Structure formats: structure tokens, C-alpha cells
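Nothing in this text is a laboratory measurement; each read-out follows from the coordinates by a stated rule. Remember, it's a predicted structure, so these values are computed and weren't measured experimentally. Don't worry about glycine lacking a Cβ; one is built from the backbone with ideal geometry, like all the others, and counts go over all protein chains shown.
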Amino acid sequence: MAGKGGTGKTTLSALLIKYLVEKGLTPVLAVDADANENLNELIGLSVETSLGDIRERMKTETPPGMAKRDYMEMYINRAIIEASGFDLLVMGQPEGPGCYCMANTILAQVMEGLARSYRYLIVDNEAGMEHLSRLNLRKIHTLFVVSDPSIRGIVTAARIADLTKALKVEVRNKVLIVNRVPKDLPAALEDQIQEVIQKTDLLFGGCVPASDDIFQSELRQESLLKLPANTDVVQVTKRIFDKFL
Ligand SMILES: Nc1ncnc2c1ncn2[C@@H]1O[C@H](COP(=O)(O)OP(=O)(O)OP(=O)(O)O)[C@@H](O)[C@H]1O
Ligand SMILES: [Mg+2]
């Protein structure tokens, strides 16, 4: 999940977890790759350790009679939060000053092994996609690029999709999702979407409505996983995910 700030990446990541778990497409590993982690809040989980904490630790701590890789792997396994049908791993803060080469190399190796034991890996990214290179993903099946319902937002989404070309990662589908769309999609916005779809390699996923259910759920601090199946936003996102996953 990529897109500029505040467009709904984390919300859609939570709805994607819900979709996969309810379809039985498990096990799922959800990775919160945002420095200001909050995916856990939207799905009702609390976080104790992030990979950033572990990496920080590895910089100074010497493993007691253990290979550094094994030691780090042990901590990474402890950082995995187990929920029903899916696990959550939080990347945490970016690195501070100092050398993290060793820790990052180990992290990438461990993540690669870890990813193999899940059917789906969902990554809730930051716009810059800083963490993507760290995760050592060589292939992305579907990159959902989330946009707000604005002309500039859609242009920015196209630019973000383009950024992946600079990363050493192969992306099979790049899919535009326009989120928080008012009931009637303005014609100018529809034209802009069409233009971007024609000019870039972005596919059109669909529009997700501005949802009062999400708004209320947020106010009550309830998990989005609990939204009823007949909720408009759940149904719309299900149709989008069905098309690509
Ligand atoms: N379809 C929607 N309807 C109503 N509210 C929404 C919808 N999608 C997202 N929101 C709300 O918009 C806000 C931002 O959403 P979210 O946190 O998912 O965005 P984000 O892209 O992950 O932001 P950030 O860049 O800060 O990580 C939240 O308060 C969320 O509840
Ligand atoms: Mg977010």
C-alpha cells in the first residue's frame, strides 16, 4: 500500500487484512512500515517491540555466545504479534546516526525467510517507500497506490507509482485506488483518472466512498476488522481486492 500522507493507506491495509482473513487466504503477515506506526490501532493490537528497536539493540549489544544472525532472528520472532489468521510486524523508527549495515543485512535476510512462510504479505508504506528496500522484497504482486479525490492527488499517485521503477523490485500490478470519494464522482476527477490510466502503467482499482462507518469506528476507537460485511466500504473494497488478488 503506497500513496501520499493521509490518503488512507493504513485504513485500506486494515480492510485488506480483513478481506484476506475472512476469505481464508491465510496466513497473512501485515508489516507496518510507517515510522509513525498506527496500523495496530486500527486493528486493535498493541505493540511492544519494533524492528527498529531490535536494530538499535544490535548496534551495541553483543550476543552471548550466539551468532548475531540467530540472536537477531530470535528477537524478530519475538516482535511478531500473533492475531487470528494474521501476524503483525512493526518496522518502527528509521535509523539514527551510526552503522546499521550489519543489522540491516541480517534483517533483510531474516525477512526474506519469514515472508516465505506466509501466503500474503501486506506492507503499509510511507510515501517515500524508505522501508521497501530494507524488506528486501524482489517482487511485489500488487502495489495499491491510494489517492485522495483531488486532481493533484491523482497526479501524485502516478508519480509515486513511477518511483518503484528506481527500486530493485518487480511490480506485477500497479493499481490506483481513489479513496474518500463523495457520492457523485465529479466529472473533472473522472477525466483525470482516465488520463492517468491511459498515460501510465497504473491500472484502475476503483473509488472507495467517504464512509461514515469508518468515521464512527475511528471515533469509537474500534477495530476496523469488526466492520460488518454489509458495510458499503467493506463491500466496495472487497470488489477491488477480488479483481487483483
Ligand atoms: N474511506 C474513508 N472514509 C472515511 N474516512 C476515511 C476513509 N479512509 C480513511 N479515512 C480516515 O482518514 C484518515 C487518514 O487515513 P489513514 O490513516 O488510513 O491514512 P494514511 O494514508 O495511512 O495516513 P499516513 O500517511 O499518515 O500514514 C483517518 O482518520 C481515517 O479514519
Ligand atoms: Mg498510515
What do you get for trypsin sites (Lys or Arg not before Pro) in region 1-92 restricted to DSSP loop and a cutoff of at most 15 other Cβ within 10 Å of the site's Cβ? 23
What FRET efficiency would be calculated for the residue pair residue 199, residue 222, taking the C-beta separation as r and a Förster radius of 35 Å, to the nearest 0.05? 0.30
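Among residues other than residue 44 whose Cβ falls under 11 Å from its Cβ, what is the net charge (Lys/Arg +1, Asp/Glu -1)? Could you put the intermediate results ahead of the total?
On the way: positive: 226; negative: 41, 222.
Net charge in that neighbourhood comes out at -1.
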Degrees between helix 68-79 axis and first principal axis of the chain (Cα, 0 to 90, nearest 10): 50
Under a point spin-label approximation (7 Å from Cα along Cα-to-Cβ), what is the residue 230-residue 25 distance to one decimal in nm? 2.5
Rounded to two decimals, what is Rg over Rh for the chain when you use alpha-carbon atoms and the Kirkwood radius? 0.98
Using DSSP to call loops (not H, G, I, E or B), can you name the trypsin sites (Lys or Arg not before Pro) in region 186-245 whose Cβ has at most 14 other Cβ atoms within 10 angstrom? 220
Before anything else, pin down the relative contact order of the chain: Cα pairs under 8 Å, at least 6 apart, normalised by residue count, whole percent. 25
Where does the longest stretch of the chain lie that holds no GluC sites (Glu not before Pro) found in a DSSP loop with 14 or fewer other Cβ atoms within 10 Å? 62-221
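If you take the C-alpha gyration tensor of region 28-97, multiply each eigenvalue by 5 and take the square root, what semi-axes do you get, largest first, in whole Å?
Here the semi-axes work out to 23, 15, 8 Å.
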A 19 angstrom limit on the alpha carbon distance is what I want to check against. Which of 18/238; 18/226; 139/199; 139/174; 68/168; 199/238 exceed it? 139/199; 68/168; 199/238
Based on DSSP, what percent of beta bridges with both residues in the chain are antiparallel, to the nearest 5? 5
Sorted by Cβ density within 10 Å, fewest first, the residues 34, 191: 191, 34
